[in-house]
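J.: Below is the structure I would like to discuss, written out as structure tokens.
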Amino acid sequence: MVKINSTSRLSSIKELVILTQTDTTVGFLSQNELKLQTIKQRPTNKPFIKVYKNLKALSLSNIRIPNTQKSKLRRAKKTTFVVKNSAFRVATNRLHSTVLSNLEWSYSTSANESGKKFQREFCEENSDIIIEDINSLYEGSASALYKINNKKTVRLR
């Protein structure tokens, strides 16, 4: 099911907030960081995770992955990495939707109010587009979180 609450054209999808099942849990996706901060009532100094659609999109970003960690990144599933205070994840198993296919990356956050559980009514009110497949939307576990550099890997979550 795809539900669109916005009257704007899909060509400006970068400004919209999308509610969908991510690779880990139900989440909000958007390229508009300020809109996500407003919805989540989140402090502006707390950054969002950037989700890239594939490794090629990640390689075009300004994030430099240490050579010693590249194989770990290629094999990772449901894992978020932090490199020099930039948190990112590569989600290759996204919903195959024409709405999401043009986005190389998006900010990602869990679809709930800060510190609260998933509430469908809250999410539907605060999203412009809802993408739902046959499995519906469900709150899963968060991704594993690793801080990596040239020498070591530290598990944060």
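J.: Do we find a residue being of a type outside the set (Val, Ile, Thr), touching a helix residue (DSSP H, G or I) at 6+ places or on another chain (Cβ under 7 Å) and surrounded by 19 or more Cβ atoms within 10 Å (Cβ to Cβ) anywhere in the range 31-38? Steps first, please.
T.: Taking the range 31-38 and keeping what is of a type outside the set (Val, Ile, Thr), we get 31-37.
Retained after the next criterion (residues that are touching a helix residue (DSSP H, G or I) at 6+ places or on another chain (Cβ under 7 Å)): 31-32.
Retained after the next criterion (residues that are surrounded by 19 or more Cβ atoms within 10 Å (Cβ to Cβ)): none.
No, because not a single residue in the range 31-38 is of a type outside the set (Val, Ile, Thr), touching a helix residue (DSSP H, G or I) at 6+ places or on another chain (Cβ under 7 Å) and surrounded by 19 or more Cβ atoms within 10 Å (Cβ to Cβ).
J.: For residues that are modelled with pLDDT under 85 and in contact with a helix residue (DSSP H, G or I) (Cβ under 9 Å, 6 or more places away or on another chain), tally how many sit in the range 7-25.
T.: Summing the residues that are modelled with pLDDT under 85 and in contact with a helix residue (DSSP H, G or I) (Cβ under 9 Å, 6 or more places away or on another chain) in the range 7-25 gives 2.
For (1) touching a Gly at 6+ places or on another chain (Cβ under 9 Å); (2) in a helix (DSSP H, G or I); (3) without any contact (Cβ under 8 Å) to a residue 40 or more places away in the chain, each residue gets a yes or a no:
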position: 20; (1), (2), (3): yes, no, no
position: 37; (1), (2), (3): no, yes, yes
position: 43; (1), (2), (3): no, no, yes
position: 46; (1), (2), (3): no, no, yes
position: 57; (1), (2), (3): no, yes, no
position: 61; (1), (2), (3): no, no, no
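J.: A further question on this structure: Out of (1) of a type in the set (Lys, Arg); (2) touching a residue at least 60 places away in the same chain (Cβ under 8 Å); (3) not in a helix (DSSP H, G or I), what's the single condition that is false for residue 72?
T.: Status for residue 72: all satisfied but (3).
J.: Still on this structure: Of all residues in the range 102-123, which are outside any loop (DSSP other than H, G, I, E, B) and more than 13 Å from residue 16 (Cα to Cα)? Spell out the reasoning first.
T.: Looking only at the range 102-123, we keep the residues that are outside any loop (DSSP other than H, G, I, E, B), and these are 105-110, 120-123.
Result: 105, 109, 110, 120, 121, 122, 123.
J.: Within the range 80-93, can you find the residues that are surrounded by fewer than 17 Cβ atoms within 10 Å (Cβ to Cβ), at negative phi and at pLDDT 85 or above? Before you say what the answer is, go through the steps one by one.
T.: Restricting attention to the range 80-93, the residues satisfying the condition of being surrounded by fewer than 17 Cβ atoms within 10 Å (Cβ to Cβ) are 84-86, 92-93.
Of the ones still in play, those that are also at negative phi are 86, 92-93.
Within the range 80-93, just 86 meets the criteria.
The values are calculated or read from the model by the stated rules, or taken from the named source; none is laboratory data. None of these values were measured; they are calculated from a predicted model. Methodologically, a virtual Cβ is constructed for each residue, glycine included, from the backbone with ideal geometry; neighbour enumeration extends over all protein chains shown.
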